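Each remark here refers to the structure printed beneath this line.
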Amino acid sequence: MEYFKMPLIMKQYSTKGPDETFEIGYRLGQCLKPGDVVGLYGELGSGKTVLVKGIARAFGINERDITSASFTIITQYQTSPAFIHIDLYRIEKTEELTEIGIYELIGGDRIAVIEWAEKAEAWLPEDMIAVHVQYTGKNDREITIEGLDEKNRDNI
Ligand SMILES: Nc1ncnc2c1ncn2[C@@H]1O[C@H](COP(=O)(O)OP(=O)(O)OP(=O)(O)O)[C@@H](O)[C@H]1O
Ligand SMILES: [Mg+2]
C-alpha cells in the first residue's frame, strides 16, 4: 500500500485489493466523531461499500451486517455514536430525498456515511468528509480523502 502524506486537505492512497481498502476505511472510521458525515463517490463496483465496511468496523459493526444497499437505502445501527449507512444509488429525484428525510438523518450526533453522495449534493454539510474511490485496475483503486485536516485530525 502506498501512502502519500499530503500537507493540506487531501490524502491519497493506492490499494491493491479489498482488504487494503477496508483497512483505509477502518482507519478513517477511527478518526470520526459524532455528527460527522462521510460522502462516498465512485462508479459502480469501485469499492464504496468495502470502505463503508471498514469504517463501520471502527464502531464495532460486523462487515456482514453492512449490505450492499441496492435494496435498502438507509440502515441505522444502534451503536454509540449511532452509525447510519445511506446508499442513494436508487434515488432518481431530489424529492425522494425529502421523502426519506435525509435532512434529519444526517444531522445530530450520528455518524452518517453516504454512498452516491453526489445525488444529495444540496443537502450535504460544508464540513463533510469526501471520499473518492477510483477504479484503476481489476484489484487496484485510488482513494482520495478530503476534509479531515481542517478538523485537525491528521492521524489517518
Ligand atoms: N482494491 C480494491 N478495493 C475495493 N474493492 C476491490 C478492490 N479490488 C477489487 N475489489 C472488488 O471490487 C468490488 C467492490 O464492490 P463494492 O460493492 O464495494 O462497490 P461499490 O462502489 O459499493 O458499488 P455500488 O456502486 O454498486 O454500491 C468488490 O467485489 C471487491 O472485492
Ligand atoms: Mg455500494
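Laboratory data are not the source of any read-out in this text; all were calculated from the coordinates shown. Keep in mind that this is a model prediction, so the values were computed, not measured. Please note: Cβ atoms are built from the backbone with ideal geometry, for glycine as well, and neighbour counts cover all protein chains shown.
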Across all Cα atoms of segment 51-137, Rg and the largest Cα-Cα distance (Dmax), in Å, are 12.9, 38
Amide H proximity to I106 below 5 Å, modelled H, separation 5+ or other chain, gives none
Here the relative contact order (percent) of segment 2-151, from C-alpha pairs under 8 Å and at least 6 apart, is 34
Charge dipole of the chain built from unit charges on the beta carbon (Lys, Arg +1; Asp, Glu -1), centred at mean Cα; most positive-end Cα among G54, I91, P34 is G54
Rounded to a whole number, the Stokes-Einstein D of the chain in µm²/s (Kirkwood radius over Cα pairs; 25 °C; 0.890 mPa s) is 159
Note on segment 50-131: contact order normalised by length, alpha-carbon pairs under 8 Å, 6 or more apart, percent, works out to 25
